[in-house]
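In what follows, a structure is listed as structure tokens, so that the remarks can point back to it.
The values are calculated or read from the model by the stated rules, or taken from the named source; none is laboratory data. Everything numeric in this text was worked out from a predicted model, so none of it was measured. Neighbour counts are summed over all protein chains in view; Cβ atoms, including those assigned to glycine, are modelled from backbone coordinates with ideal geometry.
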Amino acid sequence: MTSVRYYRETYMELVFYIAGAVAVISTGLMLTRLNVVHALLYLIVSLLGVAVVFYVLGAPFVAALEVIVYAGAIMVLFVFVVMMLNLGAHEVDIEKQWLTPGIWVGPVVLAGILIIEVIYLVRGTTPGLATGELGPKEVGIALFGPYLIGVELASMLLLAGLVGAYHLGARETERPEIQHDTNTDERRTAAGGDLVLAGAGQPSRTP
Amino acid sequence: MFSLGLVSLLVRRNLIFVLMSLEVMLNAAGLAFVVAGSRWHQADGQVVFLFILAMAAAEVSVGLALVVQIYRRFKSLDVDELSGMRG
């Protein structure tokens with residue numbers, strides 16, 4: 001019994017080191033990519049590796065949050081912005097160039113290693129290293145017990161981030177409207193307040 | 001990992017890469033917290049990681065909105081070109 005447990009912990013350490021190596025390697029590859037989308041792929045693999053490390057360390061709640069929030073929400077934000085910035089006619093050629101299978105191999109291999117590790121972990125009985133597991137219950141009790149003021153501050157920070165992002169993103173769309181309004185006012189003043197004459201300088205729309 | 005992110009932050013001149021390096025650095029800090037919490041079997045490390053997560057989400061939303069705005073105004077994501085942005 002003791003030897004089985006010892007082997008299990010040894011395998012756990014092996015899984016831990018492999019996941020850590022995957023995370024570090026994919027981070028290094030991410031930083032050396034020239035293309036943003038390739039770098040995003042490697043960044044996602046890196047985050048998944050860190051999530052596996054969390055799971056092995058006995059923090060399954062944090063591992064799930066890492067996958068959901070980082071690899072899900074934040075990466076979707078990045079992908080949206082990249083796609084927004086890449087509007088252009090020549091992008092079709094670049095898109096064709098992206099679809100070559102060579103660039104997929106690296107992230108797919110690293111993610112495959114992680115999947116094998118996760119399958120091994122789920123099939124096992126006792127997750128976690130020798131230090132034991134800290135489930136969502138302990139985290140929740142600590143979060144809403146002594147750290148309640150921190151939760152409130154985090155919610156206010158998120159609200160501020162939401163408002164700030166909305167303000168920064170919406171400012172550009174307001175400007176053409178303001179421009180249009182001032183033009184109309186100028187034309188109306190130049191025409192002496194006559195609304196019919198105000199359009200006289202413009203090319204007529206009706207043939 | 002933190003040093004990798006820091007080096008990338010200093011080396012790269014693309015704004016999106018700078019934001020991604022920030023993500024890596026925050027992630028490394030959170031990893032350190034969780035490892036410490038697991039070492040001493042306390043839930044505090046995971047709680048701090050949750051705060052880091054929330055802060056990273058807020059930071060990245062504001063940062064990406066700024067990136068979109070800068071790209072619309074300067075048609076470039078080069079940080080060095082933005083150095084003339086004063087006053």
> For segment A:66-97, which residues satisfy the criterion of being at pLDDT 75 or above and over 26 Å from residue A:168 (Cα atoms)?
Replying inline: A:66, A:67
> Which one of these is at the interface with another protein chain (Cβ under 9 Å from one of its Cβ atoms) and either at pLDDT below 60 or closer than 28 Å to residue A:50 by Cα (or both): A:124, A:169, A:140?
Replying inline: A:140
>> Report every pair of residues separated by at least 6 positions or lying on different chains whose Cβ atoms are under 9 Å apart, first residue within segment B:25-48 and on the phi > 0 side of the Ramachandran plot, second buried (at least 17 other Cβ atoms within 10 Å of the Cβ).
In response: B:41/A:58; B:41/A:134
> Are there any pairs, at least 6 apart or on different chains, whose C-beta atoms fall under 9 Å, with the first in segment A:60-81 and at the interface with chain B (Cβ under 8 Å from one of its Cβ atoms) and the second crowded, with 18+ Cβ neighbours inside 10 Å and not in a helix (DSSP H, G or I), and if so, which?
Replying inline: A:61/A:134; A:62/A:134
> Looking at residue B:29, is it facing chain A (nearest Cβ under 7 Å) and either farther than 17 Å from residue A:136 by Cβ or of a type in the set (Gly, Ala, Ser) (or both)?
Replying inline: no
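Quick one: which of B:18, B:47, B:68 is in a helix (DSSP H, G or I), among the hydrophobic types (A, V, I, L, M, F, W, C), out of contact with any strand residue (DSSP E or B) (no Cβ under 9 Å at 6 or more places or on another chain) and modelled with pLDDT of 80 or more?
On the way: B:18 fails: modelled with pLDDT of 80 or more; B:68 fails: modelled with pLDDT of 80 or more.
Result: B:47 is the single residue among B:18, B:47, B:68 that is in a helix (DSSP H, G or I), among the hydrophobic types (A, V, I, L, M, F, W, C), out of contact with any strand residue (DSSP E or B) (no Cβ under 9 Å at 6 or more places or on another chain) and modelled with pLDDT of 80 or more.
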